[in-house]
Amino acid sequence: MNIRKRILIPMIILTIVSGITVLVASILLFIREVDFATNDRIDVAAMVVNHELERLKETARIVAVGMADNADLAKAVEDNDRGRIFYIASNIKTMTQLDYSVIYDAEGTSIVRTHDPDTYGDNLRHMPHISSALDGKIEAYIFQGATVILGASAGAPIYDENGNIIGAITLGFMLENQAFVYRMRDLTNCDIAIFRNDERIATPF
């Protein structure tokens with residue numbers, strides 16, 4: 001083998017190895033940058049969703065305070081006038097653009113569900129958010145309910161004119177609503193899905 005071949009063959013091998021090395025390094029660098037960009041995008045999307053959930057909870061809490069102080073509603077609850085309760089609760093729900101509200105008596109028995117008028121009479125005093133409202137607390141939370149799969153909600157006591165607790169109200173937004181995940185997709189430019197445990201309950205895809 002002459003000297004030209006002795007030099008040329010190693011040079012070709014070295015060039016091929018160098019090319020492969022550069023290619024592999026570029027691919028790995030590209031994958032890393034894509035992972036960083038994806039993680040950043042996911043982090044931003046998660047922050048947007050969390051902010052929106054907090055906003056919904058706070059909105060529900062403010063409306064719950066207003067409804068709990070509604071004298072007409074309190075009088076209807078005191079009289080156990082389901083028709084009047086449904087009318088008042090439905091009007092306020094519509095005005096405030098909530099998805100639902102549920103009215104309970106002092107024992108924690110449901111009187112009216114605006115989103116499911118035919119379902120009432122079940123006692124849910126054992127549920128933490130209802131028990132808390134009947135104990136005089138106004139709180140907002142994410143919860144799983146009897147007829148709401150997953151909600152951003154608030155609960156508040158209902159008082160009579162003497163300051164006695166005569167019932168409670170829970171109200172809020174249904175997270176299983178497809179409109180929520182579509183809105184989150186528009187805000188984040190990411191596909192957002194809502195899960196309850198391992199069950200997907202809302203998704204835009």
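Remark on the chain: ratio of C-alpha radius of gyration to 2.2 N^0.38 Å is 1.74.
Summing -39500 (n - 2.57) over the DSSP H runs of n ≥ 4 in the chain and dividing by its residue number, what mean residue ellipticity at 222 nm do you reach, to the nearest 500 deg cm²/dmol?
On the way: 5 runs with 107 residues, N = 205.
Taking each H run of at least 4 residues, the total per residue is -18000 deg cm²/dmol.
Between residue 54 and residue 147, the modelled label-to-label distance comes to 3.2 nm, taking each label 7 Å out from Cα in the direction of the beta carbon.
In this simple spin-label approximation, residue 161 and residue 97 carry label points 7 Å from Cα along the Cα→Cβ vector, and these lie 3.6 nm apart. An ellipsoid equivalent to the range 56-174, defined through the eigenvalues of its Cα gyration tensor, has semi-axes of 18, 15, 14 Å when rounded to whole angstrom and sorted largest first. When only alpha carbons are used to place a centre, the range 147-195 and the range 87-117 end up 12 Å from one another. With each label modelled as a point 7 angstrom along the Cα→C-beta vector, the residue 43-residue 15 pair spans 4.4 nm.
Which order do 195, 173, 143 fall in if you start with the one that has the fewest other Cβ atoms within 10 Å?
Values: 195 11, 173 23, 143 19.
Ordered by Cβ neighbours within 10 Å, fewest first: 195, 143, 173.
The residues neighbouring residue 145, those whose beta-carbon lies less than 12 Å from its own, together hold a net charge of -2 under the Lys/Arg +1, Asp/Glu -1 convention.
Taking other C-beta atoms within 10 angstrom as a stand-in for reagent exposure, 153, 131, 26, 110 fall in the order 26, 131, 110, 153, fewest first. Near residue 114: Cβ cut-off under 10 Å, other residues only, Lys/Arg at +1 and Asp/Glu at -1. The net charge is 0.
Every read-out reported here was derived from the displayed coordinates using simple, explicitly stated rules and does not represent laboratory data. For clarity, every value in this text was computed on a predicted model and none was experimentally measured. Reconstructed Cβ throughout: ideal geometry from the backbone, glycine too, with neighbour counts over all protein chains shown.
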